[in-house]
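Chemist: Following this message is one structure expressed as structure tokens.
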Amino acid sequence: MTQELRAALAAVQKPGRYTGGEPGCVYKDKDKVDLRFAFCFPDTYEVGMSFLGMKILYEILNAREDIWCERAFMPWVDMKEEMEKRGIPLYALESKDELRAFDMVGFTLQYELSYTNILAMLDLAHIPFYAAERGEDMPIIVAGGPCVCNGEPLADFFDLMMLGEGEVQLPAVCDTVIQGRKEGLSKQEILRRCAQIEGVYIPSLYDVSYLPDGRIQSVQSRDGAPAVVTKAIIRDMNTQPLPTHFVVPMIGAVHDRAQIEVLRGCVRGCRFCQAGFLYRPMRERNADMLSEAGRQLCENTGYDEISLTSLSTSDHSQLETLLDDMLTWTPEEHVSMSLPSLRIDNFSQSLVEKTTRVRKSGLTFAPEAGTQRLRDVINKNVTWDEIERTCTLAFNAGYTSVKLYFMMGLPTETMEDIEGIAETAQRVVDLYYKNPNKPKGKGVSVSISVACFVPKPHTPFQFVPQDTMESLHEKQQHLLRSVKSRKISVSYHDKRISFLEAVFAKGDRRLAPALCEAYRRGCFFDGWDEHFHFDTWMEVFRDLGIDPAFYANRTIGEDEITPWEHLDYGVTKDYLIREYHKAQQAKTTQPCNRACAGCGANHLLGGPCFDYR
Amino acid sequence: MITVRARFSKTGEASYISLLDLQRVFQRALKRSGIPVWYTQGFNPHIYMTFSAPLPLGQESVAECVDFKTEDENYDWTAAAQQLSECLPKGIDVLRIEPVRTDSSAIALARYEITYEPDWAQRAARAYSTFAAASSASVEKKGKRTVKTIDLKQYTDVESARETADGFILSVFLPAGGELTINPALLTDYLKGLADLEGAVPRILRTALYTKNKEVFV
Ligand code: SF4
């Protein structure tokens, strides 16, 4: 570590965020590798180190002798300032070499409001924002992650984007870069070759033209790039080993525990949920493979807590077997298990017992909407009976706090649905006090957390406008008035943050200058309340002549060409439209494991998704 | 059951691990190492351990120690040191593990090497000679609740001060342990004011801990 770096570290909070050296982190001789990859997470170390995707790719890339993958995170405000003051360029934690020294710099796009952090990181690394301004001496800047499904607002900044799952795709891109360098190809020539890899999107090879009213006229590919890019997918999850060596953070990460990914995708088809559509079809891993990987991971990391992660863990067809397998080794190894995202409708008695054999924390449910009608609209297949049954089980088992997640601003929503949120919480409170087996002498606490609905690309609700901020404000007030019990607490998200999220989620390439300008005027860490400067954003839009409502609050026609029209996640547009229509009639769709609704994603597998018998 | 003591170094990156985090790091490393450590009983079993005279953030050391319990009195502790090192982060190396003979309350003194890089060496030497020549050097020592003014000169026992190719190196003994601890940063902060050392970031390395009668503790 240089004297400058030590001086900076002496001046900041939590210097451990910036040092690397954690158990499990990989060091290599940089002269003995063919490709150096900097994996960048555009948020804090604590957030990034919780992210499973980084752990998966870190292990896969570093398993190769010819590649060294290192990590970089967005420095917190104090460190950013120190680095700027002392002229320390953004470096990767392992080697402490600046990002410019790398062959490839890869960002993961997890959240629209971290886009300005990407610019901040490039800026700190002294790398020009626009791909067109970067010469041959600059690293190839790439992106992956869910927001790549409409990365158009960032299209001008990235050389290459990767749609879908990176386990096989990213090494293929690295190989093409290594090979291209050996042959002395130019960056453009290398990128053109990469365009042939599954799921690879080279934004500069696509020309977008616009209609006078601002909508998109056409998107044209050139130089042999595919007209439509289809995401990469692991067809059989059992062929893809789980990571068994995590870098174990020393300052607590948000999720500081072992994680095993039990399945990918989700069978549910909630119409608001982008992840549910991006990761189709749902694919599971076998119970024995999971249990064994979990055991190895705990052995290698020393973690004493393991979580079974996925979008919907309790939909795993062998869940009980898996829990039984894991219970054969977790107690003696002093490891406790946690199951996030438990679903109400299959939270069985024995499941309650198995999880209560480990730590007892609060119970969380996500009904998402306050009335059955609206739950049918969004296809959240949860009924009051199920909530009642599960809460009763849980109260019997000694739970005393329940957290309920809802959304506001959903399509077709009325004030009656808002009142339904308060009623649902009230009925949970009543249920507790009516239960003869409730824990003695303890009260119940029910907290309602309400997010603002953000319509997202590649979902049936991509067509709908976001509720205006005025309307959301009214609904929030109405909810507060509707809550009568002191046992119920209400919290909700900042609607202005959700508005900006909607703008960038459905945005197009014309938003790039706004990102640059907002960053220049001091916007970064937008997702952090205390650093969110809404007024600055509005000024930027006004000064650049951009109407943010055009992106957030406008109905998109079913025949309109969306900015993400050429990015294919396996689900057909026809299907999205069908689901959109069903939503308007409050008609539900069955989960994939019960009946196929014909979304088209089975083509990615080359056969049916499930074996229906 | 016996208590054993692991002596370890904490340098470079590892010098930024706080005591709280260090506890978790050792908890996990001991678990991974397979060394037969004793766990507390109960719902949430954990390894019982104590660190002696922990360092302030950013200071380095080759003389740290942690005590933990084991029921296996005949374990091969030489091998254990190696096993444990492999599970610890960069910058922490276990130098040896052995059964505890002296209680950590016996710690009274620490030896430090304070190094100013070559570009600061001259100024540091100047500051030091001013300090050496002065009759007293009062500084404010912040406790948990109180601020006391103390005379640094009274507590600083200088072993050597020399200019080398690596820079200006000051070797000193300062009180450490339960009764009184003088943070070497008090000394470097004081020197800062004597010869315009504002931008300097001296490396502070603890090389040993001693008992009252100057017997080596670790
Ligand atoms: S093809 Fe059918 S089963 Fe497969 S993901 Fe689509 S709707 Fe579900």
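What follows draws every value from the coordinates through simple rules; no lab data is involved. As the structure is a prediction and not an experimental result, all values here were calculated from the model. Using ideal geometry, Cβ is built from the backbone for each residue, glycine included, and neighbour counts are taken over all protein chains shown.
Chemist: Quick one: angle between helix A:495-505 and the longest Cα principal axis of chain A, in degrees between 0 and 90, rounded to 10, please.
Modeler: 50
Chemist: Could you state the number of Å between the C-alpha centres of segment A:570-613 and segment B:1-31?
Modeler: 53
Chemist: Convert each backbone phi in segment B:2-7 into a coupling constant with the Karplus relation 6.51 cos²θ - 1.76 cosθ + 1.60 (shift: θ = phi - 60°), then list the ³J(HN,Hα) values in order as whole Hz, x for Gly and Pro.
Modeler: So the J values, rounded to whole Hz, are 10, 9, 10, 10, 9, 8.
Chemist: Please give the average number of partner chain Cβ atoms lying within 10 Å of the Cβ of each residue in B:12-24, rounded to a whole number. Provide the component values of the computation, followed by the final result.
Modeler: Details: counts 4, 14, 5, 6, 14, 7, 5, 0, 3, 6, 1, 0, 8.
Other-chain Cβ atoms within 10 Å of each residue's Cβ, averaged: 6.
Chemist: Just rank B:Leu30, B:Leu20, A:Leu319, fewest to most, by other beta-carbon atoms within 10 angstrom.
Modeler: B:Leu20, A:Leu319, B:Leu30
Chemist: Okay, next question. Take the residue pairs A:Lys456/A:Lys487; A:Lys14/A:Lys187; A:Lys487/B:Lys144; B:Lys148/B:Lys214 and return only those whose Cα atoms are more than 31 Å apart. Working shown, then result.
Modeler: Numbers: A:Lys456/A:Lys487 34 Å; A:Lys14/A:Lys187 38 Å; A:Lys487/B:Lys144 39 Å; B:Lys148/B:Lys214 27 Å.
From A:Lys456/A:Lys487; A:Lys14/A:Lys187; A:Lys487/B:Lys144; B:Lys148/B:Lys214, over 31 Å: A:Lys456/A:Lys487; A:Lys14/A:Lys187; A:Lys487/B:Lys144.
Chemist: Using helices alone, what [θ] at 222 nm do you get for chain A, with -39,500 (n - 2.57) per DSSP H run of 4 or more residues, divided over all residues and rounded to the nearest 500? Present the calculation step by step, with values, prior to reporting the outcome.
Modeler: Numbers: 21 runs with 210 residues, N = 613.
That comes out to -10000 deg cm²/dmol.
Chemist: Can you tally the net charge around A:Thr2? Count Lys and Arg as +1, Asp and Glu as -1, for every other residue whose Cβ sits under 14 Å from the Cβ of A:Thr2.
Modeler: With Lys, Arg at +1 and Asp, Glu at -1, the neighbours total -3.
Chemist: Could you put B:Met49, A:Met337 in order, starting from the residue whose Cβ has the fewest other Cβ atoms within 10 Å?
Modeler: B:Met49, A:Met337
Chemist: What does the average come to when, for each residue of peptide A:299-309, you count the partner chain Cβ atoms lying within 10 Å of its Cβ?
Modeler: 3
Chemist: Now a separate question. Give the angle, between 0 and 90 degrees and rounded to the nearest 10, that separates the Cα long axis of helix B:118-133 from the longest principal axis of the Cα atoms of chain B.
Modeler: In chain B, helix B:118-133 runs at an angle near 70 degrees to the longest axis.
Chemist: Which lysines does B:Lys31 reach when only Cα atoms under 24 Å apart count, and residues fewer than 8 places away in its own chain are ignored?
Modeler: A:Lys55, A:Lys360, B:Lys10, B:Lys69, B:Lys90
Chemist: Ignore the peptide's own chain and count Cβ atoms of other chains within 10 Å of each Cβ in B:146-155; give me the average, rounded.
Modeler: Average neighbour count from other chains, rounded to a whole number: 0.
Chemist: So, in nm, how far is label A:Arg86 from label A:Glu133 when the simple model puts each one 7 Å beyond its Cα toward the Cβ?
Modeler: 2.7
Chemist: Would you grab the residues whose amide H sits under 5 Å from the one on B:Phe217? Only those 5+ places off in sequence or on another chain, please, with H modelled 1.01 Å from N.
Modeler: Answer set, sorted by chain and number: B:Leu209, B:Tyr210, B:Thr211.
Chemist: Helix A:573-584 versus the longest principal axis of chain A: what is the Cα-based angle in degrees, 0 to 90, to the nearest 10?
Modeler: Relative to chain A, helix A:573-584 is tipped by roughly 30 degrees.
Chemist: Please list, in order along segment B:73-78, the HN-Hα scalar couplings obtained from phi with the Karplus expression 6.51 cos²θ - 1.76 cosθ + 1.60 (θ = phi - 60°), rounded to whole Hz, x for Gly and Pro.
Modeler: 6, 10, 5, 7, 6, 5
Chemist: Work through the residues other than A:Met415 whose Cβ is under 10 Å from its Cβ and net out their charges, Lys, Arg +1 and Asp, Glu -1.
Modeler: -4
Chemist: What is the Cα centroid distance between segment B:159-218 and segment A:179-256, reported in whole angstrom?
Modeler: If you average the Cα positions of each part, the centres end up 53 Å apart.
Chemist: Right, something else. As a footprinting exposure proxy, order A:Cys596, A:Cys391 by other Cβ within 10 Å, with the fewest listed first.
Modeler: The most exposed by this proxy come first: A:Cys596, A:Cys391.
Chemist: What's the center-to-center distance, using Cα atoms, between segment A:458-474 and segment B:38-107 in Å?
Modeler: Cα centroid to Cα centroid, the span is 57 Å.
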